[in-house]
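Asks: The structure's right below; bear with me while I get my questions together.
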Amino acid sequence: MSGIRLDRYSRIVIKIGSSLLIDESGKTDTRWLESLAIDVARLHAAGADVLIVSSGAIAIGSVSLGIDRRRARLGELQAAASAGQMLLVNAWTAALARHGVVTAQVLLTPDDTENRRRFLNARSTFAELLKRRVVPVVNENDTVATDEIRYGDNDRLAARVAQLVMADVLVLLSDVDGLYDRDPRGSPDARHIPEVTTINESIESIAGETRTATGSGGMATKVEAARIATRAGCSTIITLGTGEQPLAALDAGGRSTLFRAAGTPAAQRKQWLAGILSVAGKVVIDSGAAAALARGSSLLPVGVVRVEGDFDRGDVVSIVVEAGQEIGRGLVEYSLADAACLAGARSNEIEARLGYRGRTALVHRDELVLFQHE
Ligand code: GLU
């Protein structure tokens, strides 16, 4: 028995590779997809937030446009992705709607997760969707991503999404049931590794030598995804996705490799924030706001006395009480000019002061770390 129970997790990212979704004729394998939708709906009904990172746009679109994927130019692949993404998302929407689950499409490029300003935009969209119990269906925005600026494989994209939404588990559905000490395709006596506590050189070299049958990823990108996710406090599971209801199979004791996360997503996010050395400015707050922060609230404009420095949305600012002591740091939601304009504003005055509908928080509580003072 693997001992893995997905219902222990509260925010789950599931990554599905093209090879699982597409049948021999290049069409969406509806039967398999509907079986996975049963798994997703069960976790969702039990209260978990579920996000799907689904590949398959290029594979499906190549069939409808008559493009030979293996010989296609980048532009042709992008056209295929554009046609295929519609069909892919429709398939997910239909399969989950049968269970009363609403879906939404999110297309991302690396910039959206690596650049802190765009990271905040993407994070707030996901937060709103999850609050409304929607299952986001995510893919790379292949029509604008070019070779130099793409994730290229959805393993890494899924790990970045897991980090962005502070998921506590990432499940990579694959055509193998986990990591082996040697490539199982060449060595029948290869031993399965049920759990990896540290991703060290030996794990990397095993992964580097192990190819998966299809898909752009292979084992190396899965291990790289596990590294990104576990550092962000999100455990990662590689398991077999080829059979029907693969998540139920995992819960029933199906083989997998678990990469256990160090710490929780919230603790890891705060550690990352605390480690950022360059602070772009200062937000001076009143004692009411300081007390609210200590209770776990976000920093709202109403508690801001003044701002200093030169910062943009997504920069790290230092949060200082009027007496001058720095009490914490966080990613700021507004530029210096907008933050200055908002100082002291109640939430219902934000739009009138800015001239556009802004965000409620100046620093969101997920992007805030408070220092412990004796
Ligand atoms: N974004 C690509 C697609 O939807 C897949 C990338 C990958 O293979 O992981 O076809």
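The values are calculated or read from the model by the stated rules, or taken from the named source; none is laboratory data. Quick caveat, the model's predicted, so the values are computed rather than measured. Every residue, glycine as well, gets a Cβ built from its backbone with ideal geometry; the counts of neighbours run over all protein chains shown.
Asks: For residues in region 270-300 being in contact (Cβ under 8 Å) with a residue 60 or more places away in the chain and closer than 23 Å to Asn348 by Cα, which is surrounded by the most Cβ atoms within 10 Å (Cβ to Cβ)?
Replies: By that ranking, first place goes to Val283.
Asks: Which one of Ala213, Ala262, Ala190, Ala207 is aliphatic (A, V, I, L, M), more than 30 Å from Cys341 (Cβ to Cβ) and modelled with pLDDT of 85 or more?
Replies: Values: Ala213 fails: modelled with pLDDT of 85 or more; Ala262 fails: modelled with pLDDT of 85 or more; Ala207 fails: modelled with pLDDT of 85 or more.
Of the residues listed, the single one that is aliphatic (A, V, I, L, M), more than 30 Å from Cys341 (Cβ to Cβ) and modelled with pLDDT of 85 or more is Ala190.
Asks: Identify all residues within region 84-99 that are surrounded by fewer than 20 Cβ atoms within 10 Å (Cβ to Cβ) and in contact with a helix residue (DSSP H, G or I) (Cβ under 8 Å, 6 or more places away or on another chain); write none if there are none.
Replies: Answer for region 84-99, where residues must be surrounded by fewer than 20 Cβ atoms within 10 Å (Cβ to Cβ) and in contact with a helix residue (DSSP H, G or I) (Cβ under 8 Å, 6 or more places away or on another chain): Leu87, Arg98, His99.
Asks: For region 32-56, how many residues meet the condition of being modelled with pLDDT under 95 and either of a type in the set (Val, Ile, Thr) or at negative phi (or both)?
Replies: We begin by selecting, within region 32-56, every residue modelled with pLDDT under 95; these are 55-56.
In the following step, the residues that additionally are either of a type in the set (Val, Ile, Thr) or at negative phi (or both) were identified as 55.
Summing the residues that are modelled with pLDDT under 95 and either of a type in the set (Val, Ile, Thr) or at negative phi (or both) in region 32-56 gives 1.
Asks: To continue, here is another question. For region 161-274, which fully contained strands (runs of 3 or more DSSP E) count at least 3 residues that are more than 15 Å from the chain's Cα centre (by Cα)? Outline the logic, then answer.
Replies: On the way: elements: 169-174, 235-240, 256-259.
It comes to 235-240, 256-259.
Asks: Can you tell which of Ala345, Ala289, Ala337 is at pLDDT 95 or above and touching a Lys or Arg at 6+ places or on another chain (Cβ under 6 Å)? Talk me through it step by step, then tell me what you get.
Replies: Working: Ala289 fails: touching a Lys or Arg at 6+ places or on another chain (Cβ under 6 Å); Ala337 fails: touching a Lys or Arg at 6+ places or on another chain (Cβ under 6 Å).
Residue meeting the stated conditions: Ala345.
Asks: Filter the helices (runs of 4 or more DSSP H) completely within region 18-100 down to those with at least 2 residues that are of a type in the set (Ser, Thr, Tyr) and within 15 Å of the ligand (Cβ to nearest atom).
Replies: Numbers: elements: 18-21, 30-45, 57-65, 74-97.
Result: 18-21, 57-65.
Asks: Run Ile319 past the list (1) in contact (Cβ under 8 Å) with a residue 24 or more places away in the chain; (2) outside any strand (DSSP E or B) and report the number of the one that doesn't hold.
Replies: Here Ile319 clears every test but (2).
Asks: Filter region 5-17 down to the residues that are of a type outside the set (Asp, Glu) and either assigned to a strand (DSSP E or B) or surrounded by fewer than 21 Cβ atoms within 10 Å (Cβ to Cβ) (or both) and list them by number. Give the steps one after another, and end with the answer.
Replies: First, pick out the residues of region 5-17 that are of a type outside the set (Asp, Glu): 5-6, 8-17.
Hits for region 5-17 are Arg5, Leu6, Arg8, Ser10, Arg11, Ile12, Val13, Ile14, Lys15, Ile16.
Asks: When you look at Gly314, is it surrounded by 15 or more Cβ atoms within 10 Å (Cβ to Cβ), in contact (Cβ under 8 Å) with a residue 40 or more places away in the chain and not in a loop (DSSP other than H, G, I, E, B), yes or no?
Replies: Spelling it out, it is not the case that Gly314 is surrounded by 15 or more Cβ atoms within 10 Å (Cβ to Cβ), in contact (Cβ under 8 Å) with a residue 40 or more places away in the chain and not in a loop (DSSP other than H, G, I, E, B).
Asks: While we're here: Which pairs do you get when a residue that is more than 12 Å from Ser18 (Cα to Cα), found in region 55-73, comes within reach of a residue that is within 12 Å of the ligand (Cβ to nearest atom) and of a type in the set (D, E, K, R), reach meaning Cβ atoms under 6 angstrom, with the pair 6+ apart or on two chains?
Replies: Every condition considered, the pairs that remain are Ser62/Arg69.
Asks: If I ask for residues that are of a type in the set (Asp, Glu), more than 10 Å from the ligand (Cβ to nearest atom) and modelled with pLDDT under 85, which ones from region 114-171 would you list?
Replies: The first filter runs over region 114-171 and keeps only residues of a type in the set (Asp, Glu), leaving 114, 128, 140, 142, 147-148, 153, 155, 168.
Now narrow it down to the ones that are more than 10 Å from the ligand (Cβ to nearest atom): 114, 128, 147-148, 168.
Of everything in region 114-171, those that are of a type in the set (Asp, Glu), more than 10 Å from the ligand (Cβ to nearest atom) and modelled with pLDDT under 85 turn out to be Glu114, Asp147, Glu148.
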